[in-house]
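Worksheet: the structure to be examined is printed underneath.
Please treat every number below as a calculation from the coordinates, not as lab data. All values reported here derive from a predicted model rather than from experimental measurement. Glycine gets a Cβ as well: all are built from the backbone with ideal geometry, and neighbour counts include every protein chain shown.
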Amino acid sequence: MNDTVEIETYGSTFAARAAAAHLESEGIQSQVITDNAGGAFPSMSGLSGGVRLLVSGDDAERASQILSEHHTVDEVEEAEESAGRTEEESKA
């Protein structure tokens, strides 16, 4: 991927990967970039500026449009939080 551009920043790897999967289903390749010590410290992602979603500059406008039409960052993060609460509640 040449000339990549950041199209969105997420609060979690889960949310960024969900968006990347959605873009891939639409034929757009993307990269998820985070600095969380290789997954050892997931909470570090927020400290390093979040989890970045990158696409080719040629696909940036279309990718942004696809993401804005199909879901918002808040919706994905709410779904993640809801899933986390559900798992915690089921453990209790």
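For the stretch 1-27, filtering for residues that are under 19 Å from Glu81 (Cβ atoms) and of a type outside the set (A, V, I, L, M) leaves 9. Close Cβ contacts (under 6 Å, 6 or more residues apart or on different chains) running from residues in the stretch 20-34 that are under 11 Å from Val51 (Cα atoms) to residues that are not in a strand (DSSP E or B) comprise Val32/Ala16; Val32/Arg17; Val32/Ala20; Thr34/Thr13; Thr34/Ser45.
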